[in-house]
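What follows is a set of notes on a single structure, which appears directly below.
Quick note: the coordinates plus some simple rules give every number you see, no bench work behind them. What you are looking at is a predicted structure, and each value in this text was computed from that prediction instead of being measured. Virtual Cβ from ideal backbone geometry, glycine too; neighbours counted across all protein chains shown.
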Amino acid sequence: MIDFDLASLPGSFYDDPYPTYRRLREQEPVKRLAGGGVFLTRHADLTRVYGDTATFSSDKRREFGAKYGETSRLFAHHTTSLVFNDAPYHTPVRKTILGAMIPRALAPLAPKLEALVERLLGRMEGAADGIADFAAAIPVEVIGDLLLVPDADRAPLRGWSLAILGALEPALSDDAFRRGEEALEQFHAYLKDLIAGRREHPGDPERDVLTRLLAAGLTDRELVENCVFLLNAGHETTTNLIGNALELFARFPQSRAGLDLRLGIEEVLRFESSNQLGNRLAVRDTEIGGVPIAEGTFVTLCIGAANRDPEAFEHPESFDVTRRPNPHLAFAAGPHQCAGMNLARMEAAIALDAFLKRFPRYALAEKPVRARRARFRGFASLPLRLR
Ligand code: HEM
C-alpha cells in the first residue's frame, strides 16, 4: 500500500508531486485515506464524478462544520458561495455570473488590462520577480474592474483572498484559521458599503456582475458571500497560471519558438494546474472504478494527477505546447466547471503575449521558490533575468 497522507505531506511533495500522483494512479487509483475519504487520480474517474451531481454533492456543510466550527465566518462563507452548493440554489447564481463572462461582456476589459500590463512591463528593467512584479499584480485589477471596485480600495483584496483560500488547505493551522476569520471580517465590512452604494447607483447589468447579482433576488448574506468568492476565485488561480507559464516557458525555452500562445496556455493549465485538488461528498452508495464507495464518503479529486493520465494524454509527462486536443481538467468539468475560465484565459493571453514580446530571451535568474500548498500550485517568488 502506498504511504500517502494528505494531512502531512513531505517537503519533496510540494517540489514535485507528480511521481506520487503517478504511483497512486498506477497502483491505487481509488486510494482510501486514513480519515476515511478516497483520493482519485484517473481522468475518467474525475470526469464521471464531476458530471454525476446526483451522487456526488458539492455541499460542504458537513466537512466545514467539522473543520471550522459552524459559528465561524469561514463556515458561513464557504457554505454559502455557489461553488460549494448544489442545485437548486447553485443554478441561478451560476447563470447570473456566467452572463457577465461571455466574450462580448469581457471584451471591454481588454484595453485596460493591456495598458496595465504595459505599465508593469515598463517598470521592469534587467531583473524582476515574475510573481510580485507581474503575475500577482494583474488579476486583482481585472476582478476589481469586473465588480467595479474603486481603484483606491483594491490594495487589501489580494491579502484577504490569500488568507481565506489558505484556510482551505487540507491541513489547517490555528494561525491559518485566525487569518481567514480576520480577512473575512474586514472583507464583509468592506462589501457592505460597496453593495449599499451599488444598490443606490446600479451599474450596467450587461457587464457589472454585482449589479446582476443584486437583481437576482439573493439574500444579503448570499450576495456578500458570492461577491467574496468571485473576488477570491480569480486571484491566486490566475496569478499562478501566469507565474507557472513564465516558469515553464523558461524551464523549456524551446517551447517559445513559434509558440501558438492559445495552445501553450492550455498546456500550462494541464501540466501545472493552478488548482490541483477538488472535493465532493458521496450522497448515496456507489462505486468508482469497481471500488465500493459508501454514502458519506469524502472524495478528493486530484486534477494534477488526472491531467497526466496516459489514458487521456499521449506522453503526459512531456510539456508539449502544440498538444491538441487537450482535454485537461484544470477548470474541472460538469455543472460547476469554472465560470471564469474565459476571463482567466484572456488575462493569461494578454499578459504573456506582451511579456514574451518585450523579453523574448528572459530566463530564470535563480531557483524559484514554491508556495508550499497542496491545493493551489504556484510560486511565492520567481526571480527572472529579463535580457
Ligand atoms: C487559471 C485560473 C483559474 C482556475 C485554474 C480555476 C479553477 C476552477 C475550478 C477547478 C473550479 C471548480 C471547483 C469545483 O467545483 O470543484 C472553479 C470554479 C469557479 N471559478 Fe474558477 N478558476 C480560475 C479562474 C477564475 C476566474 C478568473 C474567475 C472569475 C472571477 C473564476 C470564477 C469561478 C467561479 C464563479 C466558479 C464556481 C462555478 C460553479 O460552482 O458553478 N475562476 N474554478
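A compact table of results
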{"read-out": "Evaluated over the range 1-146, the Cα radius of gyration and Dmax, each in Å", "value": "20.7, 54"}
{"read-out": "Theoretical gain in end-to-end length, Leu9 to Lys357 [0.36 nm per residue, Cα-Cα removed]", "value": "121.4 nm"}
{"read-out": "Förster-model FRET efficiency, 35 Å R0, Ala115 and Arg387, C-beta, rounded to 0.05", "value": "0.90"}
{"read-out": "Percent of Cα pairs exceeding the 38 Å cut-off, where the set is the range 11-385", "value": "16"}
{"read-out": "Val291 paired with Asn342, simple spin-label distance in nm, labels 7 Å along Cα-to-beta-carbon", "value": "3.8"}
{"read-out": "Neighbour-count ranking [beta-carbon atoms within 10 angstrom, fewest first] of Met1, Met341", "value": "Met1, Met341"}
{"read-out": "Sum of side-chain charges, Leu269 neighbourhood, beta-carbon under 12 Å (Lys, Arg +1; Asp, Glu -1)", "value": "+2"}
{"read-out": "Stretchable slack from Arg178 to Thr91, in nm (0.36 nm times residue separation minus alpha-carbon distance)", "value": "28.1 nm"}
{"read-out": "Computed E for Val283/Ala127 - FRET, C-beta separation, R0 51 angstrom, nearest 0.05", "value": "0.45"}
{"read-out": "Relative exposure of Thr300, Thr322, judged by other C-beta atoms within 10 Å (fewest first)", "value": "Thr322, Thr300"}
{"read-out": "FRET efficiency for Ala152 and Glu206, using Cβ-Cβ distance with R0 set to 35 Å, rounded to 0.05", "value": "0.90"}
{"read-out": "Relative contact order of the range 30-183, pairs being alpha-carbon contacts under 8 Å that are 6 or more residues apart, as %", "value": "14"}
{"read-out": "DSSP H segments from the chain that extend 24 Å or more along their own axis, Cα-based, with Kyte-Doolittle mean of 0.0 or above", "value": "341-358"}
{"read-out": "Gain in span if fully extended, Met1 to Ala189, counting 0.36 nm per residue against the direct Cα distance", "value": "62.8 nm"}
